[in-house]
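The block underneath contains the structure these notes are about, expressed in structure tokens.
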Amino acid sequence: MKTYKEIASEIIAEFELFTDWMDKYNFIIELGKSLPLIDEKYKTENYLISGCQSQVWLYADYKDGRVWFTADSDAIITKGIVNILIRALSGQTPDDIINADMDFVNKIGLREHLSPTRSNGLNSMIKQMKLYALVYKTKFESKQ
Amino acid sequence: MNHTIDLVKIRKQFPILEQQVYGKPLIYFDNAATTQKPQRVIDALTGYYTTINSNIHRGVHYLSQQATAAFEESRITVKDLINARFAHEIIFTRGATESINLVASSFSKKFLKPGDTVVISAMEHHSNIVPWQMACEEKQAGLKVIPIHEDGTLNFPELEKLLDKTCKLLAITHVSNTLGTINDIKRIIDLAHAQNIPVLIDGAQAISHINVDVQELDCDFYCFSGHKMYAPMGVGVLYGKEQMLNELPPYQGGGEMIKNVTFEKTTYNELPFKFEAGTPNVGDVIGLKEAISFIQEIGYDNIGKFEHELLIYATSQLQQIEDVRIIGTAPDKTSVISFLLGNIHPYDAGIILDKLGIAVRTGHHCTQPVIDFYKIPGTIRASFAIYNTKEEIDTMIAALKKIKMMFA
């Protein structure tokens, strides 16, 4: 299993190939189309992340000491970005998720999606993923 | 294109339009959110702060007299613009939102009782919904909503039904910011007045496009923002009939709005100062005067004709793209087009349009009930102003075709 740092470097390397914003967004759109979808039963108000122009549902499962995310959105670019976040964080330990610096988001030029107007969405997503990790850490790891 | 408009000359007055974004010439189609400012408005602001800045009305010194005179000249300019009877019927506020909040607060204090109703329409901006919700909640009054038809026009039979004995005020928009619908407010006001119901008009989306005559309309209140009519942000207007404004209690307390203050009792100043507590936004009010002159020199007739041509052109071009759905197809519209591009989420389209240098708005446009009515995730909204061109519309159409391919 690759670490968060290793995956983040891979993502940065992949995005470095794009010299043109159009290619980059086409890639994100493709990632959006291939996002492993959330189980329909979790596409409810409870799993909806608020604060975005598009709707994002995020679900997290805990298995073998690691947190696994699935998600969906009604907007493709949002889905593509969620896909990238999931690739970086899904399958990591709660501690690694909580401590992930998420610097790669800036490095791949998606900083604008972190600007206050748009990004309530992206910020909320990252926050929600870390929150899930914290909840699972508290729930399962404190018992040991 | 109609040649009473010298587009080159007009565009030259807007320095912001000359820039490039992401290496592409800026195309600004978000005018229903805020318009850009002509150089003369920017100069008026700079001029105020470099030559006559001072606090107004109370100062005996030279600068204060100059600033006071300029401020009050703006009031007369606004009075003339909307043909109010008196300058003191013009209250300066921070914007249309504050104007509506002022009336909602003061009117409900005096006139609203449990069991009464306030009537609004289903196409209101949140700023003409929430203040009334708050007022009605406080007074245990009901908020009633006039439904709209599929094309974005008002349902008049339902409107008439809601104007019953419980209704104490009708608050309705002149123009829908999402749909572009121009409401027949003269007819609406007449219907309400036939039942002795006063009417507040939210004119935020009308004032840069349509000549407004408050005496002819006979509306009781008319509200608008400066920043949507080429003036600075942070200044707005509440027009109210003299008698109506005199009957309302003050909104905020402070300096300027008082006649005498003791710890036992304060007597309030007369109109318009009763509603202008604290130091007003002098610089921006002076900027507003300059924006009004800009509009008047072009003339509402010319503006209306020119913008209508842009609307018709953009609508016909959009309709040639397969799967485009225009939201809001009322026969009378300002230069606002909300639309959807097939099943593409407005947010997705908005991001790519932005990358291509085209500023539109996507989302619910602060009219969530309108978006819910059409059961859509939001719209892409292009809204045109006096400086926009058919060539810019062509660029947007080409961009939309590209976007369709990207998301196919």
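Of the residues making up segment A:44-92, just one is of a type in the set (Lys, Arg) and free of Cβ contacts under 8 Å to residues at least 24 places away in the same chain, namely A:63. Tallying residues that are in a loop (DSSP other than H, G, I, E, B) and under 23 Å from residue A:98 (Cβ atoms) within segment A:36-70 yields 7. Listed by position, the strands (runs of 3 or more DSSP E) contained in segment B:73-179 that have at least 2 residues being more than 27 Å from residue B:333 (Cα to Cα) and in contact with an Asp or Glu (Cβ under 8 Å, 6 or more places away or on another chain) are B:90-93, B:167-173. When we screen B:151, B:164 for residues that are out of contact with any helix residue (DSSP H, G or I) (no Cβ under 6 Å at 6 or more places or on another chain) and either surrounded by 20 or more Cβ atoms within 10 Å (Cβ to Cβ) or under 30 Å from residue B:34 (Cα atoms) (or both), the only hit is B:151. Taking the criterion of being small (Gly, Ala, Ser), more than 9 Å from chain A (Cβ to nearest Cβ) and within 23 Å of residue B:175 (Cβ to Cβ), the only residue of segment B:340-368 that qualifies is B:359.
Of the numbered criteria (1) more than 12 Å from chain A (Cβ to nearest Cβ); (2) at negative phi; (3) in contact with a Lys or Arg (Cβ under 8 Å, 6 or more places away or on another chain), the one residue B:323 fails is (2). For segment A:1-34, what are the residues that are of a type in the set (A, V, I, L, M) and more than 14 Å from every other protein chain (Cβ to nearest Cβ)? Selection gives A:1, A:7, A:8, A:11, A:12, A:13, A:17. If the condition is being touching a strand residue (DSSP E or B) at 6+ places or on another chain (Cβ under 6 Å), outside any loop (DSSP other than H, G, I, E, B) and of a type in the set (A, V, I, L, M), then segment B:17-60 contributes only B:27. Restricting attention to segment B:191-221, the residues that are more than 13 Å from the chain's Cα centre (by Cα), farther than 18 Å from residue B:112 by Cα and not in a loop (DSSP other than H, G, I, E, B) add up to 6.
Quick grid of which residues meet (1) loosely packed, with under 13 Cβ neighbours inside 10 Å; (2) over 27 Å from residue B:278 (Cβ atoms):
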{"position": "B:5", "(1), (2)": "no, yes"}
{"position": "B:9", "(1), (2)": "yes, yes"}
{"position": "B:14", "(1), (2)": "no, yes"}
{"position": "B:21", "(1), (2)": "no, yes"}
{"position": "B:26", "(1), (2)": "no, yes"}
{"position": "B:56", "(1), (2)": "no, no"}
{"position": "B:63", "(1), (2)": "no, no"}
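Of the helices (runs of 4 or more DSSP H) lying entirely inside segment B:256-375, the ones with 2 or more residues being closer than 30 Å to residue B:50 by Cα, touching a residue at least 12 places away in the same chain (Cβ under 8 Å) and assigned by TED's automatic domain parsing to the domain that holds residue B:71 are found at B:282-298. On inspection, residue B:178 fails the criterion of being surrounded by fewer than 21 Cβ atoms within 10 Å (Cβ to Cβ) and among the hydroxyl-bearing types (Ser, Thr, Tyr). Candidates in segment B:374-408 are the residues that are hydrophobic (A, V, I, L, M, F, W, C), in contact with a strand residue (DSSP E or B) (Cβ under 7 Å, 6 or more places away or on another chain) and more than 14 Å from chain A (Cβ to nearest Cβ); of these, the one that is surrounded by the most Cβ atoms within 10 Å (Cβ to Cβ) is B:382. Is it the case that residue A:109 is modelled with pLDDT of 90 or more and under 21 Å from residue B:355 (Cβ atoms)? No: the conditions fail for residue A:109. Test each condition in (1) closer than 29 Å to residue B:405 by Cβ; (2) within 14 Å of chain B (Cβ to nearest Cβ) for residue A:48 and report the one that comes out false. Unmet for residue A:48, out of (1) closer than 29 Å to residue B:405 by Cβ; (2) within 14 Å of chain B (Cβ to nearest Cβ): (1).
Okay, residues lined up against (1) more than 27 Å from residue B:254 (Cβ to Cβ); (2) over 18 Å from the mean Cα position of the chain (by Cα); (3) of a type in the set (S, T, N, Q); (4) at pLDDT below 95:
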| position | (1), (2), (3), (4) |
| --- | --- |
| B:33 | yes, no, no, no |
| B:47 | yes, yes, no, no |
| B:59 | no, yes, no, yes |
| B:68 | no, yes, yes, no |
| B:76 | no, yes, no, no |
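Just to verify a result, which residue in segment A:57-76, among those that are surrounded by 22 or more Cβ atoms within 10 Å (Cβ to Cβ) and within 15 Å of residue A:4 (Cβ to Cβ), is nearest to the other protein chains (Cβ to nearest Cβ)? Step by step, filter segment A:57-76, then rank; the result is A:69.
The values are calculated or read from the model by the stated rules, or taken from the named source; none is laboratory data. The structure displayed is predicted, hence computed values, not measured ones. Neighbour counts are summed over all protein chains in view; Cβ atoms, including those assigned to glycine, are modelled from backbone coordinates with ideal geometry.
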